Structure formats: C-alpha cells, structure tokens
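Before any comments, here is the structure.
The values are calculated or read from the model by the stated rules, or taken from the named source; none is laboratory data. Quantities reported herein were computed from a predicted structural model and do not represent experimental measurements. Positions of Cβ are generated from backbone atoms using ideal geometry, with glycine treated the same way; all protein chains shown enter the neighbour counts. Note: areas computed on protein heavy atoms with side chains; ligands, DNA, RNA excluded. Shrake-Rupley method; radii C 1.70, N 1.55, O 1.52, S 1.80 Å.
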Amino acid sequence: MRFHFKTSYDDDIRLFIDGWKFSLYAALLVFMLALPWLIDDFYLGEANNVLIWSVCGLGLMLLTGQTGQASLGHSAFMALGCYSCVIMMESGVPFIIALPMAGVITGCFGALIAIPALKLHGVYLAIATLALAILADDIIVLLEPWTGGVAGKVPPDIEVFGLTINRWGNPTEWYYMTLIVVLVCTLFYRNLLRAPLGRSFAAVRDSEISAQAMGVNIARTKTIAFGLSCAITGLGGALMGLFAGAFNNETFNFLLSIQLLMMIVVGGLGFIHGAFLGAIVIAFLPQFLSIVSDTMGHGVAIPGLESAVFGVILIVFILFEPMGLYGRWLKIRTFLELFPFARKDMFKRQKSYLKTERLR
Amino acid sequence: MSLLEIEGVTLKFGGVTAVNNLTMNVNEAEVFALVGPNGAGKSTVFNLISRFYTPVSGSIKFDGVDLLKLAPHEVPSLGIARTFQNIELFHQATVLQNLLVGRHRHRQSSLLPQLLHLPSVRAEERAHREAVEQVIDFLDLQPYRDKMIAGLPYGVRKVVELGRALASKPRLLLLDEPASGLSVEETQNMRWWIDDIRRQMGITVLMVEHDMGLVGKVSDRVLALADGAKLAEGTPPEVQSHPAVIEAYLGTSAISKTADAKGARV
Ligand SMILES: Nc1ncnc2c1ncn2[C@@H]1O[C@H](COP(=O)(O)OP(=O)(O)O)[C@@H](O)[C@H]1O
Ligand SMILES: [Mg+2]
C-alpha cells in the first residue's frame, strides 16, 4: 500500500495524486496515441466507437452519477448535438467551430429542459425524460426541411485546418479527433470535481436538505448539471452521427438512452472510469455475442439477444455490484494492497434509509 | 438588539401545533439551549430558522434581516450554519469533501473558470482548504480526513457534521442534539468544543440538547418547550427548578423520573 504524505494544499487539488498515478495515466495516453500502429483499421474503428460512447457516457455520468438525477432522455440530446453540428457544417460553418457550438446549443437546451423537470425525482424524472426521447423521433420527422426527416442526412466530410477527415479514408485522423474530444471532456469533468460546483453536485445527490442548509441552490445546481451533461452528450452524439456516415430519425432512438444509462451503471456510477469501462462493454458486447452464437448456434442470429443479455448483466450488477465494474476493481485493488489484512465486511453496504421523515 | 429574534411564531402540521406562539431572542456570543421532551417542537424551530418550513404567523429576524423573505439556500449566506438531529452528511464523499461543501457560501469562481481550472480557481481552492484544515485540526479529524462518510462510526459523523457547519465560518451555529448517541468521553469533547466555539471563535450557539449535564455546563440561557409552547426561560438552574418544567417532565414519561433521580437529565 502506498501512503500519501501530503505537504501542501495542492496535493489534494492536483489531477494526479502522486508520481505513480501520473506515470500510469501517461502510459495509458501513450498507448492510446500509439493505437493506430498497434491494431488494424477495423479495430481502430471499434476503439473509436468506444471513445464516442465514452463521451456520451461522461455526459450522462455527470448528471446521474455525480448529481443523482436519472435521465432517459439523453438520446434526444445526442440527436440535437448531431443535427445541429451537421446543419451548421452544411451551411458553411467550419467544423472546428460547429462541433463546440453543437455542444453549447445542446447544453442550453438541456438547461431549459431542466426547468420543468426540477420538481421531479427518481422514477418520475426518468419517465418524463423518456417521454422526451420518444418525442424526439417525431420532432425530427416534423422538422423535415432542416433534418431531412425519414430520409435522413449524409454529413459532409469533416475539414479541420485544410485536412479532410473521412471515416474510411482517414481512420487514424478520425480516431485522434475523437481522442482529443475525450481528453477535453475528461479534463473538464475532473476540473469540476475539484471545484465548488462539482462538490455541490455531489451534495445535491447525497442530501438535498443539507445541501440547502449549506447554501446550495438546488434548482440552479440541477439546471447547470443538466446543461453541462447535455453539452457533453451532444458532442458525443455529433461524433456518433458523423462516424456513422448517415443518420435519420431512428438513429437516435430512445433505446439509445436506455443503453447509455445501463452503460454507466455497469461501468460504475459516479466514477469517470465507469463511463469508459461501460463503453467498452457496450461496444464489444455485440461482437462477443456474435462470436458466441457463431460457435454455439451455427450462426443463427437470435433477435433481441443483445438487449436481453445486456438486461441480464444490468440486473446482475444492480443486485450484486451496485458500484459497477470500477467499484469491483477498487475492491480488488484494496484487497490486494492490504493482503492479508483485508476484513471480510470492509465493503459491506450501509443500510440507507428512506429520505422522508429525516428532518424530525 | 438580539442576533436572532423569533416573535410569536406558530406552525401547524395538520392538526398538530408543532410550535405555538413562540417568542425567543438569542443574543450575540451566547450559548442558548432549547430543551423539552420529544415532540416538543425543538427541531421544528430549527427548521423554521432554516426556512424549510414557513410559519403560519410571527416573524423571524437575524441581525435585523427578515428571514421569512429568504429562500432556504439564502439563509446560510447570512452566516447561519446548522447540524441535523439525524446526521445529514454527503455519504458518497470524503470527510474533506463534506467540509469543503461547508465553504459553499464563500465560493467566488463562476462556471467557465472552474471548468478550465484557471489560476484564480486554484487560489480560491487553496483558501478553502486552508480554512477547512483549521477546522480539521480543531476537531481532531485528521485520521478521517480522506475517509468516506459511509464507513465512519456514528460519533465521528457527528463531529464531521459539526465541522461542516464550522467550515462555513458562521455567526450563528444551530446544533440539534450535538451529544445524542455520544459516549461519555465524546460528550466531554463536545462540551469543550462548544465552549471554544463561543469563546475563541466568537460564534453564537443555539442548541437543542437533552443532556442537562451538558446544557448546565455550556449554556448561558435555557428555554424549555413543551407542545410547541414556552414553559420557562432563564439560566440553567432557574429552568431546571421551575415548577412547570418539573411537572411537564414528570407528566410525560417514566424515563424522566429515573433521569431526575440520577440528576443528570431533566
Ligand atoms: N414534517 C412534519 N410533518 C408532520 N408533523 C411533523 C413534522 N415535523 C415534525 N412534526 C411534528 O411536530 C411535533 C414537533 O416535532 P419536533 O420538532 O421534531 O420535536 P422535537 O422537539 O423532538 O425535536 C411532533 O409532534 C412531530 O410529530
Ligand atoms: Mg428533534
């Protein structure tokens, strides 16, 4: 076990707790940068896909994992991010401006949506946002002049500083572009966590009543959380649509929201790592299943198998490992660090009481 | 003028009158204790001051400011901090992070600088951490600094909650049963802390407490409540020997009789 002797306030503020952690993440970054030389274009595309899902997941994680507000409406925000980015590109806005603008637009819209949603909690919030996700489909069809309706859109090639980035022609450049978005979003997320705003998110999640007693404006905090969350997810949605090469009203189906929520639960709610681990699971599950059904079922495709398997995984996690894959890893790590001194009940879950009647 | 002025406040929950025409004043730099049997309305008084409830009638003023005009989250910015009877901490966060939320009312940076972690944000963070570190030293919380609340023993959580309130550098500190559930030794510590909070930090303390031993030692004035109404007010010995108080306690339960026999509690 490593001990941290802290000698200044910055020890708690900086991004990496010690040199070891810094080297670990530096190595990871080098690995990610070297990836195009290590794997072929097909797998590079898969890696790109994982990263895009991670961006969407980071967005929802900020809202659900950090602030405790469930949303099943994030597919609508992915759609908004995607359509606004592509529409801007088509009308001649350079991609380098269109992408962040798409994030800003989606964020503002998300903050607006938050206002009527403020009164809703838990399941009710989930249902209301799900309604939004289902509505998005119809709205896209209704706005055909802009969205292309059912026929959809084929986004133009991305041009950055005179460089054309096409998924098939320049997979490496595409991958690096996604990686940059991931790094920026992750850095913003981390910065929030070490600033007053991030702490007030956690305060709202854990106890609204005492957050208020400390001066946290609940309505404002939730609105900002919605806005930031939707902005990040909007960026992810834009990348997803661009990467797909074509999209229409059904691309950002409400099922995507459900997948996204499952993804962050399986990855580990409340951890940045959780978004990435969940994205790996969600991106590779279809491949894994097709390999399994190839070897077992003579290549017969079973409809709905993917969703069913994912549902089962989700239930297993909620029942046995609510802290997700990352939570499981933390436990394994602590166990190894303390070996042989780990206590059996060390991670026993605390009984949590109903939030009502706690004021008396 | 008193720091906190409560005038003729009444609050009803359906048919129950939780607080009945209560008038009380808390002076600057004193320790004021609210006592009374369970269900007397003590916590409700705190929740009224925190603006979680709005009274049917009456007024509540803090340093001349009408609290009833404020939203709950605006109250702490005047310098009012509190703890809860049933401990309300942020469970999925460390002790340090909990105390840092206590600094919320002193935050300055807006959204964009925080996202970018500009030097001004870092400077602000250092200042927050310095203030919090002083509280950690004061309450001897160093061993628990980076521990999650979810795994901490009850007694420690109680202290963390006090710390979170202190981190906001309040003028008025509301403590709801600070010693309930604490061991003798922990209660002893709590007593010294309350003394120091008033003497060294100059913070006014309004507390609800059952342990009359503690109340007698730390408080300047005591107000006894029963069924939401004032029974008696004065110095601890005056209130303890007040006939109405004795009667209210003897009348309410057998527990108070045995407690009286021990002389430790009212
Ligand atoms: N939120 C509430 N809803 C209904 N009744 C309440 C509520 N809070 C308190 N009460 C009632 O008000 C009375 C005073 O409660 P309380 O202030 O918690 O007493 P205590 O002096 O023990 O802190 C009790 O009868 C209690 O049942
Ligand atoms: Mg009470």
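Here are some notes:
- Reported count of residues in the stretch B:22-40, each being open to solvent by 10 Å² or more (accessible area, probe 1.4 Å) and within 13 Å of ligand 2 (Cβ to nearest atom), is 3.
- B:Ala33 being of a type outside the set (S, T, N, Q), touching a helix residue (DSSP H, G or I) at 6+ places or on another chain (Cβ under 6 Å) and over 26 Å from A:Ile218 (Cα atoms): yes
- Condition broken by A:Leu130, with the remaining ones in (1) modelled with pLDDT under 95; (2) at negative phi; (3) open to solvent by less than 20 Å² (accessible area, probe 1.4 Å) satisfied: (3)
- A:Trp20 hydrophobic (A, V, I, L, M, F, W, C) and more than 22 Å from the chain's Cα centre (by Cα): yes
- Qualifying residue in the stretch A:99-106 (condition: in contact with a Leu (Cβ under 6 Å, 6 or more places away or on another chain) and open to solvent by less than 40 Å² (accessible area, probe 1.4 Å)): yes
- Taken together, the residues in the stretch B:72-99 that are within 16 Å of ligand 1 (Cβ to nearest atom) and of a type in the set (A, V, I, L, M) amount to 1.
- With respect to (1) more than 16 Å from ligand 2 (Cβ to nearest atom); (2) more than 9 Å from chain A (Cβ to nearest Cβ); (3) among the aliphatic types (A, V, I, L, M); (4) closer than 28 Å to B:Ala179 by Cβ, the lone exception for B:Leu100 is condition (2).
- Residue in the stretch A:219-235 that is part of a helix (DSSP H, G or I), without any contact (Cβ under 8 Å) to a residue 12 or more places away in the chain and among the hydroxyl-bearing types (Ser, Thr, Tyr) present: no
- The condition of being at pLDDT 85 or above, open to solvent by 70 Å² or more (accessible area, probe 1.4 Å), away from ligand 2 (no atom under 16 Å from the Cβ) and closer than 22 Å to A:Ile52 by Cβ holds for only one of A:Ile280, A:Ile272, A:Ile264, that being A:Ile280.
- Matching residues, the stretch B:11-48, being among the basic types (Lys, Arg) and either more than 10 Å from ligand 1 (Cβ to nearest atom) or more than 11 Å from chain A (Cβ to nearest Cβ) (or both): B:Lys12
- Inside the stretch B:107-126, residues that are of a type outside the set (Asp, Glu), farther than 23 Å from A:Val104 by Cβ and facing chain A (nearest Cβ under 9 Å) make up a count of 4.
- Pick from the stretch B:163-211, criterion within 14 Å of another protein chain (Cβ to nearest Cβ) and among the small types (Gly, Ala, Ser), ranking: farthest from ligand 1 (Cβ to nearest atom): B:Ala167
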